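Student: Just dropping this structure here.
The values are calculated or read from the model by the stated rules, or taken from the named source; none is laboratory data. It should be emphasised that the depicted structure is a prediction, and the values quoted were computed from it without experimental measurement. Please note: Cβ atoms are built from the backbone with ideal geometry, for glycine as well, and neighbour counts cover all protein chains shown. Ligands, DNA and RNA are stripped out before the accessible areas are found, and what is left, the full protein with its side chains, is counted by its heavy atoms. Shrake-Rupley method; radii C 1.70, N 1.55, O 1.52, S 1.80 Å.
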Amino acid sequence: MNKKSNNFYITTPIYYVNDKPHIGHAYTTVMADVFARYYRKIKGENNVFFLTGTDEHGNKVANSAKAHNLSPQEFANNISNEYKKVWKKLDISYDEFFRTTDPSHEKIVQDYLQQLYDKGFIYKAKYKGLYCVGCENFFLSDEIINNTCAYHPNTLLVEQEEENYFFKLKDFSVFVLNEINKQTYEILPTERKNEILGKINNGVNDISISRSGVSWGIQLPWDKSQTVYVWIDALLNYYSATKIYSEKEKFWPPSLHLMAKDILWFHSLVWEGLLLANKIELPKVIFAHGFFTINGQKISKTLGNVIDPLVLVNEYGSDAVRYLLISSFSFGNDGDISLEKFKEKYNSDLANGIGNLIARIAKLCETLDFNNTNIPVNNFSSDIVKHMSQYRPDEAIKSVWRRIADFNRIIGKDKPWKLEKNKLKEKLNLYIKKILSIAFDMEPFLPKTSEVIQKIFSQEKIKKPDSIFPRK
Ligand code: MSP
C-alpha cells in the first residue's frame, strides 16, 4: 500500500434505521462533509472518498419495523431514504451511501468471517450478560447505571444467554496496543486515546460475532442457524465500500473515521482487531467528537426534545444550520444546544455579521458604479489550513468569523463613503480581495453562501443582493 498516497478516505458511522435522523446524526455528518469538501480543494476532487450510510440489521431495527407493521427491509428502505433526504437538504456531498442490506456487502462479510474462522480466530462458546438493545451491545457491571447503559436511560438492560461464535479479540488487542503505541494509527483527541489505552490495559474480552436469536441479519456461512452480530456487519462497511463501488479500492486504508465517543471502543479496538486478523492495513485516524445534549438533557424521543434537522433547515436554511452546528461547541468536547441560542447566534453572526458585510460592500460598489476586475481566490488562508490539520473545524470557522467581525469594524473606521473617488476605488479593491478570500475559506463550511459571495464579487458590475440571511 502506498503510504504517501494523496487519497483521503473519510467516513461517518453508518446510522441505525430504527428511526429518522436527528440533530446528533446531522452533526457528525456535517463535520465529515466539511473535511471532505476541504480535502477536495486541497487534494483534488477525485482523490477524496466520502462515505456515509445506514446500519440496517439487528433487533433494534427489527423491533422498530414490527412496531410500524412493516417488514424490516421495507422499514429500512423508508428510513434510509429519510437519511438521504436530510443529507441532501444539508448539502452533504457524500460520494457513496452505504446500506448493509446491499447483497454485495452481505457476501463480503460472509467471506471475511469465513477467512477468520478458517484461520482459527473464531470459536464457539456460551455467553451470558446484560444487553442494551439501544447500543446493540453487552455491558459490564461497572458500566451499568440503574440497569441501563449511559446512553439509553430509558432502555432497560436484558439478560441474554446464548451460544455464540467468538472472535479472539483478546489475543489481537496486544497487537492493536502495539500499533497505537507505534502511532501507526491514531486515536484522537488524546484524552480519548488515553481512555482506550486504559481500557485495553485493564484487560479485553473476546467478542461475540454472531447471534442465535436474531433472524434479521447476515447468515454465518459455516452455521446457518446464526446471524452475524450487527456491529461486526456494520464495521465491515468501511472495507466493503472500497470493494463494492468502482475505483474505490485505491482509497484503502481510511484516512479518518469520524464518530462520537459512544462508539469509539468498537472503532478503535474491535475494528482494528478484525483487520489485523486478516492482515489488512489499519485506518490512519479515528476521531471521536463529544456528545451533545439539548437544553441540558439527553436527546430522547421519550423526553420529546428530538430536533429534526429538516425543521431547522426549513426555518434557517442549510448553511445557517451547518454554521450553527459547526461553531456551537468545540470539536472533541461535549456540548449543549439550545434553539434560543441558535436564534441569537443566527442573528448576530449571520444576519448582522456576514449578511451585513456583503450588503455594505456591495452597496458601495453599486453606488460608485465600480468596475470590478477581481477574480475569485483559489487557496485557503493559513488559519484554515492550521486548524483543519489539527482537526478543529470549529476553530477554523471561528477564525473566519473573527475576520468578518474585524472587517465590519474596519469599514466603520475607514468610513469609505467619505473618501474621494480614487481612494474609494482603491479601498473597494482591497475589500473585494478580502471578501473573496473569506468566501473561499467558507466553502467547506457554508458552501452555498461561499458560492453566492464569489458570484457577487466576481461580476464586473457589483449589485447589492437581496438579504442572504434575513433577520429572524
Ligand atoms: N449503527 C451504529 C454505528 C455503526 S458504524 C460502523 C450506531 N448508530 S447510531 O445511529 O446510534 O449513531 C451513533 C452516532 O450518531 C454517534 O457516534 C454520533 O456520530 C452521532 N450522534 C448521535 N447522537 C449524538 C449526540 N447527541 N451528540 C453527538 N453525536 C451524536 O451507533
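Student: Do any cysteines in the chain lack another Cys Cβ under 4.7 Å, and if so which?
Tutor: CYS365
Student: Additional query: With a sphere of radius 11 Å drawn around the Cβ of LYS41, what net charge do the other residues whose Cβ falls strictly inside it have (Lys, Arg +1; Asp, Glu -1)? It would help to have the intermediate numbers written out before the result.
Tutor: Values: positive: ARG37, ARG40, LYS43; negative: GLU45, ASP441, GLU443.
Value of the local net charge: 0.
Student: So what are the ³J(HN,Hα) numbers for region 453-464, from phi and the Karplus equation (6.51, -1.76, 1.60; θ = phi - 60°), rounded to whole Hz, Gly and Pro as x?
Tutor: Per-residue couplings from phi come out as 4, 4, 5, 4, 8, 10, 6, 5, 10, 7, 10, 5 Hz.
Student: Say a paramagnetic label sat at a point 7 Å from the Cα of ASN154, along Cα to Cβ; which residues of region 269-305 have their backbone N under 20 Å from it?
Tutor: Of the residues in region 269-305, 291-305 have backbone N under 20 Å from the label point off ASN154.
Student: Given a cut-off of 24 Å, name the pairs among LYS60/LYS193; LYS60/LYS85; LYS20/LYS43; LYS250/LYS279; LYS427/LYS464; LYS41/LYS107 whose C-alpha atoms lie farther apart than that in the structure shown.
Tutor: Values: LYS60/LYS193 29 Å; LYS60/LYS85 22 Å; LYS20/LYS43 34 Å; LYS250/LYS279 17 Å; LYS427/LYS464 17 Å; LYS41/LYS107 35 Å.
Result: LYS60/LYS193; LYS20/LYS43; LYS41/LYS107 exceed 24 Å.
Student: Under a 5 Å amide H to amide H cut-off, with H placed in plane at 1.01 Å, what residues pair with THR54 once short-range neighbours are removed?
Tutor: Sorted by chain and number, the residues that satisfy this are TYR15, PHE98, ARG99, THR100.
Student: Still on this structure, I have one more. Kindly write out, for region 16-29 in residue order, the coupling ³J(HN,Hα) from the Karplus curve 6.51 cos²θ - 1.76 cosθ + 1.60 (θ = phi - 60°), rounded to whole Hz, with x marking Gly and Pro.
Tutor: Couplings: 5, 9, 6, 7, 5, x, 10, 4, x, 5, 5, 4, 4, 6 Hz.
Student: Right, another one. Might you work out the accessible area of GLU426 for me, using a 1.4 Å probe with all protein chains in place, and round it to the nearest 10 Å²?
Tutor: About 120 Å², rounded to the nearest 10.
Student: Round to the nearest 0.05 the FRET efficiency obtained for ILE410 and ASP383 when R0 = 22 Å and r is the Cβ-Cβ distance. Provide the component values of the computation, followed by the final result.
Tutor: Numbers: r = 17 Å, r/R0 = 0.79.
Efficiency, rounded to the nearest 0.05: 0.80.
Student: Name the GluC sites (Glu not before Pro) in region 24-120 that are in a loop by DSSP and that have at most 15 other C-beta atoms within 10 Å, would you? Please report the intermediate quantities before stating the final value.
Tutor: Working: sites: GLU45, GLU56, GLU74, GLU82, GLU96, GLU106; in loops: GLU56.
Qualifying residues, ordered by number: none.
Student: Just to make sure I understand: if all protein chains stay in place, what is the order of SER399, SER5 by accessible area at 1.4 Å, largest first? Let's see the in-between values first.
Tutor: On the way: SER399 5, SER5 45 Å².
Per-residue accessible area, sorted high to low, gives SER5, SER399.
Student: What size of dipole, in debye to the nearest 20, comes out for the chain about its Cα centre when the only charges are +1 on Lys and Arg C-beta atoms and -1 on Asp and Glu C-beta atoms? Walk me through the numbers before you get to the answer.
Tutor: On the way: 63 positive and 56 negative charges, 442 e Å.
Dipole size: approximately 2120 debye.
Student: Another question, if that's okay. Could you tell me the calculated FRET efficiency between GLN390 and ASN194, based on Cβ-Cβ distance and R0 = 22 angstrom, to the nearest 0.05? Let's see the in-between values first.
Tutor: Values: r = 18 Å, r/R0 = 0.82.
Here the calculated transfer efficiency is 0.75.
Student: Could you calculate, for region 8-289, the ratio of the Cα radius of gyration to the Kirkwood radius, expressed as Rg to Rh? It would help to have the intermediate numbers written out before the result.
Tutor: Numbers: Rg = 18.1 Å, Rh = 19.3 Å.
Value, to two decimals: 0.94.
Student: Next question, about the same structure. Rounded to the nearest 500, what is the chain's calculated 222 nm mean residue ellipticity when only DSSP H runs of at least 4 contribute -39500 (n - 2.57) each, over all residues?
Tutor: Working: 17 runs with 211 residues, N = 472.
After summing the helix terms and dividing by the residues of the chain, the value is -14000 deg cm²/dmol.
Student: Can I ask one more? Please give the length that would be gained between SER212 and LYS41 if that part of the chain were fully extended, namely 0.36 nm times their separation in residues minus their C-alpha to C-alpha distance (nm, one decimal). Don't skip to the answer; put the middle values down first.
Tutor: Details: separation 171, 0.36 × 171 = 61.56 nm, distance 4.76 nm.
Stretched out fully, the SER212 to LYS41 stretch lengthens by 56.8 nm.
Student: Next up: If one computes the Cα centroid of region 223-290 and of region 383-445, what distance in Å separates the two points?
Tutor: What the calculation gives is 40 Å, centre to centre.
Student: Alpha carbon centre of region 51-107 versus region 152-210: separation in Å?
Tutor: Using only Cα atoms, the two centres lie 26 Å from each other.
Student: Once the Cβ-Cβ distance between LYS421 and ILE375 is put in as r, and R0 is 22 Å, what FRET efficiency do you end up with, to the nearest 0.05? Don't skip to the answer; put the middle values down first.
Tutor: Working: r = 23 Å, r/R0 = 1.05.
That pair, LYS421 with ILE375, gives E of 0.40.
Student: Right, next: Return the percentage of antiparallel bridges among DSSP beta bridges fully within the chain, rounded to the nearest 5 %. Intermediate results must be reported in sequence, preceding the final value.
Tutor: Values: 22 of 46 bridges.
Around 50 percent of the beta bridges assigned by DSSP in the chain are antiparallel ones.
Student: Per 10 Å bin, what percent of the C-alpha pairs of region 258-407 does each bin hold, from zero upward?
Tutor: All Cα pairs, binned at 10 Å, distribute as 9, 26, 30, 20, 10, 4, 1 percent.
Student: For region 408-420, take each phi angle, set θ = phi - 60°, evaluate the Karplus expression 6.51 cos²θ - 1.76 cosθ + 1.60, and give the result in whole Hz per residue in order, putting x for glycine and proline.
Tutor: Whole-Hz 3J(HN,Hα) from phi for region 408-420: 4, 5, 4, 4, x, 6, 5, 6, x, 4, 8, 6, 6.
Student: Can you give me the % of accessible surface on region 339-456 that is carbon or sulfur? Probe 1.4 Å, all protein chains present, nothing else counted. Write out the running numbers ahead of the final one.
Tutor: On the way: 3020 of 5810 Å².
The computed percentage sits at 52.
Student: Which whole-number value in Å² is the accessible area per residue of the chain, probe 1.4 Å?
Tutor: Working: 20840 Å² over 472 residues.
Per-residue value: 44 Å².
Student: Students sometimes get this wrong: rank GLU136, GLU247, GLU340 by accessible area, probe 1.4 Å, all chains present, largest first.
Tutor: On the way: GLU136 5, GLU247 155, GLU340 120 Å².
So, going from the largest accessible area down, we get GLU247, GLU340, GLU136.
Student: Could you rank the peptides 317-329, 61-73 by their average count of other C-beta atoms within 10 Å per residue, with the highest value first? Don't skip to the answer; put the middle values down first.
Tutor: Numbers: 317-329: 22.4, 61-73: 16.1.
Per-residue Cβ counts within 10 Å, averaged per peptide and sorted highest first, yield 317-329, 61-73.
Student: Can you give me the relative contact order of the chain as a percent, contacts being Cα pairs under 8 Å and 6 or more apart? Please report the intermediate quantities before stating the final value.
Tutor: Working: 727 pairs, mean separation 75.5, N = 472.
Taking the mean separation of contacting Cα pairs over the length of the chain, I get 16 percent.
Student: Ok, one more. Under Stokes-Einstein, with the Kirkwood radius over Cα pairs standing in for Rh, what whole-number D in µm²/s applies to region 403-472 at 37 °C and 0.692 mPa s?
Tutor: On the way: Rh = 13.3 Å.
In µm²/s, the coefficient is 246.
Student: Hey, another quick one. Leaving ligands, DNA and RNA out of it, rank TYR112, TYR39 by accessible area with a 1.4 Å probe, largest first.
Tutor: Values: TYR112 5, TYR39 40 Å².
Listed by decreasing accessible area, they come as TYR39, TYR112.
Student: For ASP336, what residues show an amide H to amide H distance below 5 Å, using hydrogens built from the backbone and excluding near sequence neighbours?
Tutor: Here THR293 satisfy the definition.
Student: A follow-up question, please. Once you have all Cα-Cα distances for the chain, histogram them in 10 Å bins from zero and send the whole-percent values.
Tutor: The calculated distribution, bin by bin, is 4, 18, 28, 24, 14, 7, 4, 1, 0.
Student: Another question, if that's okay. Run a plain Debye calculation on region 339-456 (Cα atoms as equal point scatterers, no solvent) and give log10 I(q)/I(0) at q = 0.16 Å⁻¹, rounded to two decimals, same order as the q list.
Tutor: Ignoring solvent entirely, the Cα scatterers give -0.79.
Student: Which of the aspartates and glutamates could be linked to LYS343 by a straight reach, that is with a Cα gap under 13 Å, when you skip same-chain ones fewer than 8 residues away?
Tutor: GLU315
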